[in-house]
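To keep things clear, I will list the structure first and then write my remarks on it.
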Amino acid sequence: MEKPKFLDKYDWQGCEAVQFDPTVEDMRMGADSALDNFEDGMTVDEIVESYGLNRPAVETILAFAAAKGLLKATA
């Protein structure tokens, strides 16, 4: 069965900071959104401050994305 389009665009299975649905732990922000904001130029500090996320969770998401090759190359 194909995954509905509104769900995460990346496979976050195995990322300890991402809950099942996939949101950042204890937050309602999607892990995809955190990654997208980072790729759009926001720093980790800006993501943490803007969305009230905890820094270790954001860092875990970004490390997981990098290890899985999910981060877009930046100039």
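The values are calculated or read from the model by the stated rules, or taken from the named source; none is laboratory data. The model shown is predicted, which means the values in this text are computed figures rather than measured ones. Positions of Cβ are backbone-derived with ideal geometry, glycine not excepted, and every protein chain shown enters the neighbour counts.
Identify, by number, the condition in (1) exposed (fewer than 12 other Cβ atoms within 10 Å of the Cβ); (2) at pLDDT below 90; (3) small (Gly, Ala, Ser); (4) not in a loop (DSSP other than H, G, I, E, B) that ALA73 doesn't meet.
Single failed check for ALA73: (4).
Please specify each residue of the range 60-69 satisfying the condition of being exposed (fewer than 14 other Cβ atoms within 10 Å of the Cβ) and under 10 Å from the mean Cα position of the chain (by Cα).
ALA63
Is it the case that the range 1-9 has a residue that's modelled with pLDDT under 85 and within 12 Å of the chain's Cα centre (by Cα)?
Kept after step one, since they are modelled with pLDDT under 85, are these residues of the range 1-9: 1-9.
With the extra rule that they be within 12 Å of the chain's Cα centre (by Cα), the set shrinks to 8-9.
Checking the range 1-9: at least one residue is modelled with pLDDT under 85 and within 12 Å of the chain's Cα centre (by Cα).
Working only within the range 37-59, note down all residues that are of a type in the set (Asp, Glu) and surrounded by 12 or more Cβ atoms within 10 Å (Cβ to Cβ). Working first, answer last.
Filtering the range 37-59 down to residues of a type in the set (Asp, Glu) leaves 39-40, 45-46, 49, 59.
Result: GLU39, GLU46, GLU49, GLU59.
When ILE47 is evaluated against the numbered criteria (1) within 12 Å of the chain's Cα centre (by Cα); (2) at pLDDT 75 or above; (3) part of a loop (DSSP other than H, G, I, E, B), which criterion, by number, is the only one it fails?
So ILE47 meets the others, but not (3).
Restricting the search to the range 11-36, which residues are at pLDDT 70 or above, out of contact with any Ser or Thr (no Cβ under 8 Å at 6 or more places or on another chain) and surrounded by fewer than 19 Cβ atoms within 10 Å (Cβ to Cβ)?
ASP11, GLN13, GLY14, SER33, ASP36
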